[in-house]
Amino acid sequence: MSPTLSRRDLLRLAGAAATASAAVPVLTACAGAPPAPSAGGGEPGTFTVYWNAGHDYQAYRKVVAEFEQANKVKVNLQKYQWPDLRTRLLADFASGTVPDLVEEPGGWVQEFAISGNARSLQDFVDRDGEAMGFPADWQPVTVERNSYQGKVYGVQLHLTCNTLLYNKAMLREAGVEVPSTWEEFLAAARKLTKDGVYGVALNQDYTYLWPWMVQAGVTPYEPGSGAIMEPRAAAVEALQFQADLIHKHKVAPVPVSSTDYSGPQKLFSARRAAMILTGPWDLDPIRKTSPDLELGVAPPLKHRTRATQAAGVSMFVPAKAARPELSWDFIKRVTALEVEQAATKETGMLMPRKSWSDLPEVQSDPDIKVFADALPTAQDSSQQVRLTGQLGKWEEQLKVMYQQVLIQNQPAAEALDAFARSAEGYLK
């Protein structure tokens with residue numbers, strides 16, 4: 001049974017299938033590692049992992065080295081941006097040649113569990129879960145989003161959320177207090193926009209829509225009634241508020257359409273934007289590129305409620321992976337508390353274990369602690385859509401709609417109505 005494919009996925013799949021052996025970027029975990037094999041019949045002794053390009057941490061490289069030594073294999077760590085990873089993965093599913101392990105951006109586990117392309121990990125959890133603290137030591141939302149019909153199909157690697165980052169010096173010089181509500185945020189952005197500096201930089205990536213929606217009290221999809229983006233007036237308000245920051249109030253630049261989500265961070269690091277709304281993934285690049293910038297991190301904004309979006313990545317094993325025992329061993333190693341501790345110390349990334357929040361690296365870092373304290377308010381906005389098996393189509397159309405409003409300044413009400421009408425058809 002193949003996954004539910006959107007039109008864009010089909011086009012990407014066709015291109016990827018034609019070039020899968022030629023134009024795929026391959027970065028190995030150690031020099032001289034063999035070329036990309038298939039786990040389902042590829043070169044023996046090679047363990048293939050699909051990984052996000054931004055998560056190649058030294059903490060994980062150490063895990064790779066220990067895993068290689070323990071299992072007498074070479075890890076072929078192939079690094080991609082998310083759209084390219086999905087394209088490659090869909091081509092693999094179609095051909096039957098799959099990697100041993102996949103990192104995914106949140107949402108794919110249930111989608112591919114439904115389609116039959118992800119392997120249940122429940123047998124491993126039943127055997128090893130208590131010893132590794134799973135699921136007891138994982139935040140409940142991370143277990144729910146990686147399970148289907150009562151069985152575990154994936155394990156969360158990072159649990160993140162989105163909140164406000166600001167330049168302390170810029171706010172101080174402008175006499176601006178750190179905003180706490182939407183109204184205060186707009187007022188601050190207006191005061192901070194001057195002399196070639198924007199008050200805020202927004203992200204063109206559609207996933208950055210969700211914190212605004214949950215703060216407005218919007219439910220993306222209610223399967224019982226079939227309601228989409230309701231209350232609709234609140235959804236329109238949230239979307240139009242973002243567009244108005246750019247096109248009406250002129251306190252934010254027009255975002256650039258791209259597969260790269262680092263644009264706002266780069267403007268912030270260059271001191272061309274005083275505030276950004278982002279996650280812990282931007283802490284490390286800000287600290288490295290602008291070590292003298294006075295970085296401030298504030299709790300999520302409040303509108304009808306103070307809340308944010310639960311995000312973060314997970315890992316799953318393709319159903320046709322030939323060595324699931326090895327895949328599970330890698331999962332156990334890379335999610336160990338000491339590895340979480342090392343990755344947080346290295347990059348500032350947030351983690352899914354409950355015990356992680358008590359680590360000194362978390363409690364003693366004022367920036368990371370703000371994110372950690374916000375995690376209990378984080379909501380999973382795509383859960384109900386994922387369970388329909390239509391997440392790919394939903395996300396494709398959401399991306400188009402979000403960019404129509406933010407970049408092209410299409411009225412939010414008009415764009416949301418069109419999105420909802422389309423979604424009603426395929427979510428049934």
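The values are calculated or read from the model by the stated rules, or taken from the named source; none is laboratory data. Worth saying up front: this structure is predicted, and the values here are computed from it rather than measured. We place every Cβ from the backbone using ideal geometry, glycine too, and count neighbours over all the protein chains shown. Each accessible area value is taken on the protein alone, full model and side chains, heavy atoms only, with ligands, DNA and RNA left out. Shrake-Rupley method; radii C 1.70, N 1.55, O 1.52, S 1.80 Å.
Please compute the contact order of the stretch 222-361 in relative form: average sequence separation of alpha-carbon pairs under 8 Å and at least six residues apart, divided by the residue count, as a percent.
15 percent
Using Cα pairs closer than 8 Å and at least 6 residues apart in sequence, work out the relative contact order for the chain, in percent.
The normalised contact order for the chain reaches 24 percent.
Find how much the distance from Asp195 to Arg304 grows on full extension, using 0.36 nm per residue of separation minus their present alpha carbon separation; answer in nm with one decimal.
35.9 nm
So the label point goes 7 Å from the Cα of Arg172 along Cα→C-beta, right? Which residues of the stretch 259-293 then have their backbone N under 17 Å from it?
From the stretch 259-293, the list is 271, 274-275, 291-293.
Along each of the three principal axes of the Cα atoms of the stretch 291-373, give the extent in whole Å, ordering the values from largest to smallest.
That gives 48, 31, 25 Å along the principal axes, largest extent first.
Before rounding to the nearest 500, sum -39500 (n - 2.57) across all DSSP H runs of length at least 4 in the chain and divide by the residue total; then give [θ] at 222 nm in deg cm²/dmol.
-13000 deg cm²/dmol
Show which lysines lie in cross-link reach of Lys248 when reach means a straight Cα distance below 17 angstrom and same-chain residues fewer than eight apart are skipped.
Lys191, Lys194
Multiply the residue separation of Ala94 and Val256 by 0.36 nm, subtract the distance between their alpha-carbon atoms, and state the gained length in nm to one decimal.
55.1 nm
How long is the gain from Ser355 to Ala227 if the chain were fully straight, where each residue apart is worth 0.36 nm and the alpha carbon distance is subtracted?
Working: separation 128, 0.36 × 128 = 46.08 nm, distance 3.74 nm.
Taking Ser355 through Ala227 to full extension adds about 42.3 nm, to one decimal.
Starting from the amide H of Lys74, placed 1.01 Å from N in the peptide plane, find each other amide H under 5 Å away whose residue is 5 or more places distant or on another chain.
Thr46, Phe47
Can you give me the % of accessible surface on the stretch 119-264 that is carbon or sulfur? Probe 1.4 Å, all protein chains present, nothing else counted.
Roughly 51 percent, rounded to a whole number.
Longest segment of the chain with no GluC sites (Glu not before Pro) in a DSSP loop having at most 14 other Cβ atoms within 10 Å? Write down the numbers at each step before the final one.
On the way: sites that count: Glu177, Glu294.
My reading of the result: 1-176 is the longest stretch.
At 1.4 Å probe radius, can you tell me the per residue accessible area of the chain in Å²?
Heavy-atom accessible area per residue stands at 40 Å².
Please compute the alpha carbon radius of gyration of the chain, then divide it by the globular-protein estimate 2.2 N^0.38 Å. Two decimals is fine.
0.97
Exceeding 31 Å between C-alpha atoms, which entries from my cross-link table qualify? They are Lys168/Lys302; Lys74/Lys369; Lys72/Lys345; Lys79/Lys393; Lys74/Lys393. Kindly include the intermediate steps, with their values, before the conclusion.
Details: Lys168/Lys302 20 Å; Lys74/Lys369 37 Å; Lys72/Lys345 29 Å; Lys79/Lys393 24 Å; Lys74/Lys393 36 Å.
Long pairs (Cα-Cα over 31 Å): Lys74/Lys369; Lys74/Lys393.
Can you give me the distance in nm between label points at Asn71 and Ile407, each placed 7 Å from the Cα along the Cα-to-Cβ direction?
3.9 nm
Among rounded, prolate and oblate, which fits the stretch 362-428 when a ≥ b ≥ c are the square roots of the eigenvalues of its C-alpha gyration tensor, a/c under 1.5 means rounded, and a/b larger than b/c means prolate?
It is oblate, given that a/c is not under 1.5 and a/b is not larger than b/c.
What distance in nm separates the simple spin-label points at Leu337 and Asp56, each placed 7 Å from Cα in the Cβ direction?
According to this spin-label approximation, the distance is 3.2 nm.
In whole Å, how far is the Cα centre of the stretch 63-107 from that of the stretch 132-197?
For the stretch 63-107 versus the stretch 132-197, the Cα centre distance is 28 Å.
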